[in-house]
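Taking it in order: structure first as structure tokens, then the write-up.
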Amino acid sequence: MRYLVIVMPTENGWSAHVPDLPGCVAAGESRDETIELMRGAIEMHLDGMREDGQTVPEPSAQAEFVELQQT
């Protein structure tokens with residue numbers, strides 16, 4: 001499975017979340033650390049859903065950059 005992860009800088013480092021998995025978040029000092037922590041968070045989140053008898057959602061979120069002309 002391949003989930004979209006939104007990664008953003010914060011005042012103290014980086015944070016990330018998965019739109020398809022509400023509540024699945026991670027934070028770290030660097031972008032790379034945050035991505036690595038997110039891998040573990042996704043696995044843990046999906047395992048918890050399975051243990052609770054919930055259906056694991058198929059990845060569906062998409063991202064697109066929209067370029068605007070300067071005015």
Among the residues in region 17-25, are any modelled with pLDDT of 95 or more and over 13 Å from the mean Cα position of the chain (by Cα)? no
Qualifying positions in region 24-51 - surrounded by fewer than 12 Cβ atoms within 10 Å (Cβ to Cβ) and under 18 Å from Pro9 (Cβ atoms): Glu29, Ser30, Asp32
Does region 29-42 contain at least one residue that is at pLDDT 95 or above, small (Gly, Ala, Ser), in contact with a strand residue (DSSP E or B) (Cβ under 8 Å, 6 or more places away or on another chain) and more than 17 Å from Tyr3 (Cα to Cα)? yes
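The values are calculated or read from the model by the stated rules, or taken from the named source; none is laboratory data. Bear in mind that the values here come from a model prediction, so they are computed numbers and not experimental data. No Cβ is skipped: glycine too gets one built from the backbone with ideal geometry, and neighbour counts run over all protein chains shown.
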